[in-house]
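Working notes, structure below.
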Amino acid sequence: MDRILINGGPRLNGRVRINGAKNSALKLMAAALLSDEPLILTNMPDLADTRFMATLLEHLGVNITRPSETRMDLHANGLAEPFAPYDLVRKMRATFNVLGPLLARRGTARVSLPGGCAIGARPVDLHLKALEAMGAQIELDEGYAVAQAPKGLQGAQISFPFVSVGATEHAMLAAVLADGETVLNNAAREPEITDLADCLNAMGARITGAGSASIIITGVSSLSGTTHRVVPDRIEAGTYALAVAATGGDVIVENCVPDHLDVLWDRMRAIGVQVEGQDDQSVRITQNNERCGAADIETQAYPGFPTDLQAQFMAVVCRADGASIIRETIFENRFMHAPELSRLGADITVHGREAVVRGVAQLHGAPVMATDLRASVSLVIAGLMAKGQTEVNRVYHLDRGFEGLERKLSALGADIKRVSEAG
């Protein structure tokens, strides 16, 4: 099993290019199931998660090729049996989103319920209720969702009791081929929602309001193929920006959308980091202080502070001059990185969904273990500013969401390398 070794201390300088968004790419891949014409995705990341989704889609009869590192061609002209087995769904929750497209196109589907998640239960009941509102008949049978819509899906008024990105995306993927108008109230507003809507509209769907709390979808009889560029990954962009905040340095983050991270920039400026937009596709991060200041954050649905950047921000303020309060409102179990950061010398006290981080003058390298994707990269950030060597284990979590992390950080001046168990 691979691990990452980091010798902390070097400042980061240079330029780093951001990949396409994982959280968008996975749902765009599922959209290929809605048409018998090719869907070409550019600016595609090459991650463990996208490869896993590709394996599931190929099982469902989608022909997938990668003509280049950043392009994926998907052609679902000959779908197989609409059955997604447990072994191909259990590792990643996003795979469950094939249920709606299969049901919309084939009128039937049998998809395994996803497995548990280290950062919380994240049930799929909102997904199922949205499909049922559109006329689907769904039974749970031995861990599978067995869905039928013999007369096709019907437009419906769907009001989510709380904001859910996954349920919003899943409802959109099903409603585009439903008969009539579907209205999604209290919909998620993330940029990835807008990206999915843009792709579906380019395929012939009729979606308005994406990016707002009310999305209107007028169903069409069929969708065509298209070429779509995946939106840049705001979480990856924010992660590299926070790495500079931790180590000090001067880095231009390229191929991103700075406007997607306004709330992060506000908090970074609050701790003394300079953030300057270069244009609509890049931002410059400069940090010249020995230690940053302290600041509080509370995670919220977009446009609030992203839960997917909470762990990285916590790592930065571990060396802040002062105490920071971090409140997690999205997931109930997303402070599992706190004990691992404490192994490096951080002073963190967790009470339920709130963590108090009292900055220390210095962190010290030690072996640590990643528990999930975002937690793993927070340990890398902490290791970059720790004295001595930090060893991050279970780095397969990193490979789910960060392409070429060690390579990109090394190019910026970090002393970081991946080694095999034997190495």
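Quick check: is even one residue across the range 334-351 among the hydrophobic types (A, V, I, L, M, F, W, C) and closer than 15 Å to I235 by Cα? Looking through the range 334-351, none of the residues is among the hydrophobic types (A, V, I, L, M, F, W, C) and closer than 15 Å to I235 by Cα.
In the range 333-380, of all residues being over 25 Å from the mean Cα position of the chain (by Cα) and among the hydroxyl-bearing types (S, T, Y), the one that is surrounded by the fewest Cβ atoms within 10 Å (Cβ to Cβ) corresponds to T349. Tallying residues that are outside any loop (DSSP other than H, G, I, E, B) and closer than 26 Å to R93 by Cβ within the range 354-377 yields 9. All of (1) in contact with a Cys (Cβ under 8 Å, 6 or more places away or on another chain); (2) of a type in the set (A, V, I, L, M, F, W, C); (3) touching a residue at least 40 places away in the same chain (Cβ under 8 Å) hold for V273 with one exception: (3). Pairing each residue of the range 309-330 that is over 14 Å from L264 (Cβ atoms) with any residue that is of a type in the set (G, A, S) and in a strand (DSSP E or B), provided the two are 6+ apart or on different chains, yields C-beta distances under 7 Å for A320/G293; D321/G293; G322/G293.
Against the conditions (1) β-branched (V, I, T); (2) over 20 Å from I215 (Cα atoms); (3) out of contact with any Ser or Thr (no Cβ under 7 Å at 6 or more places or on another chain), T70 satisfies every one except (3). Taking the range 1-119 and the strands (runs of 3 or more DSSP E) fully enclosed by it, the elements with 1 or more residues that are out of contact with any His (no Cβ under 8 Å at 6 or more places or on another chain) are at 3-7, 12-17, 63-68, 71-75, 108-112. Every condition in (1) at pLDDT 95 or above; (2) closer than 27 Å to A188 by Cβ; (3) buried (at least 20 other Cβ atoms within 10 Å of the Cβ); (4) touching a strand residue (DSSP E or B) at 6+ places or on another chain (Cβ under 6 Å) is met by I330 except one, and the failing one is (1).
Out of everything in the range 398-423 that is assigned to a loop (DSSP other than H, G, I, E, B) and charged (D, E, K, R), what residue ends up being farthest from the chain's Cα centre (by Cα)?
Quick first cut of the range 398-423, residues assigned to a loop (DSSP other than H, G, I, E, B) only: 400-404, 412-414, 420-423.
From what is left, the residues that are charged (D, E, K, R) are 400, 403, 421.
On the way: R400: 9, E403: 13, E421: 28 Å.
Among them, the one singled out is E421.
Of A187, A171, A243, A210, all but one fail to be under 20 Å from F402 (Cα atoms), among the aliphatic types (A, V, I, L, M), surrounded by 24 or more Cβ atoms within 10 Å (Cβ to Cβ) and touching a residue at least 12 places away in the same chain (Cβ under 8 Å); the exception is A243.
Would you mind listing the strands (runs of 3 or more DSSP E) fully within the range 143-253 where at least 2 residues are under 23 Å from the mean Cα position of the chain (by Cα), at pLDDT 95 or above and farther than 23 Å from L128 by Cα?
Working: elements: 144-148, 157-159, 181-185, 206-208, 214-218, 226-229.
Ranges flagged: 226-229.
The values are calculated or read from the model by the stated rules, or taken from the named source; none is laboratory data. All figures in this text were calculated on a predicted structure; none of them were measured in a lab. Note: ideal-geometry Cβ built from the backbone for every residue, glycine included; neighbour counts use all protein chains shown.
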